[in-house]
Amino acid sequence: MPARPTALASVAALAISAAVGALADATACGDPMLAVDAPDAAIVERVCTAAMTAKAQLATCGLTQSRAVRIEIVPGIDGPSDTCVGFYQCGTDTIALVPPSAVPEVMPGDSVFATLDPQVYYDSLVVHELAHALMDQAECAHPRCDSDKEYVAYAMQFLSLPESARDTLLSWRERPQEVPQERLNDILLWMKPDIFAFTAWAHFDGLDDGCAFVQGIVRGETTLQLPDFLP
Ligand SMILES: [Zn+2]
């Protein structure tokens, strides 16, 4: 059956060329599907370790990787806000992150995450951005709204935290007993992103199977998209 080895070889060649494209000029991690482009070897090792742990954590909730992901460590990020510490640009398989040492100076004092140890926070930040990258790699027939993307990323970020750190973080404000799904929408996300993050966790954690809800969003079967009120 000559067709089968040929097809397999083609698939393998495609996978390798995709990996090489995304990973050019970056240092491959122990997991060859992850690579880090950073100014020194210590940061590469630090971020690789965080990314490999993050990938394993995301897999427990059904988020898997199909293409290589590159993480670029940059001094600053021109993202949606001037306190941006990480950013994933859709369709690029590339994450931008500030170095771990920059977190204390960039983190706003009133952030929901400000109570976390900066190193613990950094690990959770890697989870957040890798969740964006893997969700972007998942097949989806429907466009996703910002709330869909951030719900998944924040739920995975909170889930990845050590329980004691999560408890500290949850002392930030009173936790809502019940969270109607409609409360998690793009307006709350844009106006109060920290409250969106906190509320997303409360919703995820209150479900019998939060990962099933996340999978519904990833597959495009569930959305937090607001109805279109315009005529
Ligand atoms: Zn995000």
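Add -39500 (n - 2.57) for each DSSP H run of 4 or more in the chain, then divide by its residues: what number comes out at 222 nm, to the nearest 500 deg cm²/dmol? Present the calculation step by step, with values, prior to reporting the outcome.
Working: 9 runs with 116 residues, N = 231.
Helix-only estimate at 222 nm: -16000 deg cm²/dmol.
Return one quarter of the surface area of the convex hull spanned by the alpha-carbon atoms of the chain, equal to its mean projected area, in nm². The partial results should precede the final answer.
Numbers: hull surface 61.4 nm².
Its average projected convex-hull area is 15.3 nm².
Quick one: net charge around Val120, please, counting Lys, Arg +1 and Asp, Glu -1 for every other residue with C-beta under 14 Å from its C-beta. Numbers along the way, then the final one.
Details: positive: Arg46, Arg166; negative: Asp117, Asp123, Glu163, Asp167.
Local net charge: -2.
At 18 angstrom or more along the helix axis (alpha-carbon based) and mean Kyte-Doolittle of -0.5 or higher, what helices does the chain contain? Whole DSSP H runs only. Could you put the intermediate results ahead of the total?
Values: long enough: 3-23 (30 Å, 1.51); 41-59 (27 Å, 0.89); 118-137 (28 Å, 0.03); 146-160 (21 Å, -0.39); 193-206 (19 Å, 0.32).
The qualifying helices are 3-23, 41-59, 118-137, 146-160, 193-206.
So which trypsin sites (Lys or Arg not before Pro) in the range 156-231 pass both tests, a DSSP loop state and at most 14 other Cβ atoms within 10 Å of the Cβ?
On the way: sites: Arg166, Arg173, Arg183, Arg219; in loops: Arg173, Arg219.
Sparse-neighbourhood loop trypsin sites (Lys or Arg not before Pro): Arg173, Arg219.
In a Gaussian network model over the chain where Cα atoms closer than 10 Å are linked, find which of Val69, Val98, Val127 has the largest mean-square fluctuation.
Val98
Taking the Cβ of Ala212 as the center, what net charge do the other residues with Cβ under 12 Å away carry, scoring Lys and Arg +1 and Asp and Glu -1? Could the numbers behind the result be given before it?
Numbers: positive: Arg219; negative: Asp208, Asp209, Glu221.
That works out to -2.
Say a site is exposed when it is one of the GluC sites (Glu not before Pro), sits in a DSSP loop, and has at most 13 other Cβ atoms within 10 Å; what is then the longest site-free stretch of the chain? Walk me through the numbers on the way to the answer.
Working: sites that count: Glu139, Glu174, Glu178, Glu221.
Maximal segment without exposed cleavage sites: 1-138.
Would you look at the GNM of the chain, springs on alpha carbons closer than 10 Å, and say which of Pro104, Pro39, Pro180 moves the most?
Checking each option, the largest mean-square fluctuation is seen for Pro180.
Bear in mind these aren't lab numbers, they're just calculated from the coordinates by the rules spelled out. What you see is a predicted model, and the numbers here were worked out from it, not measured in a lab. All Cβ positions, glycine included, derive from the backbone under ideal geometry; neighbour counts span all protein chains shown.
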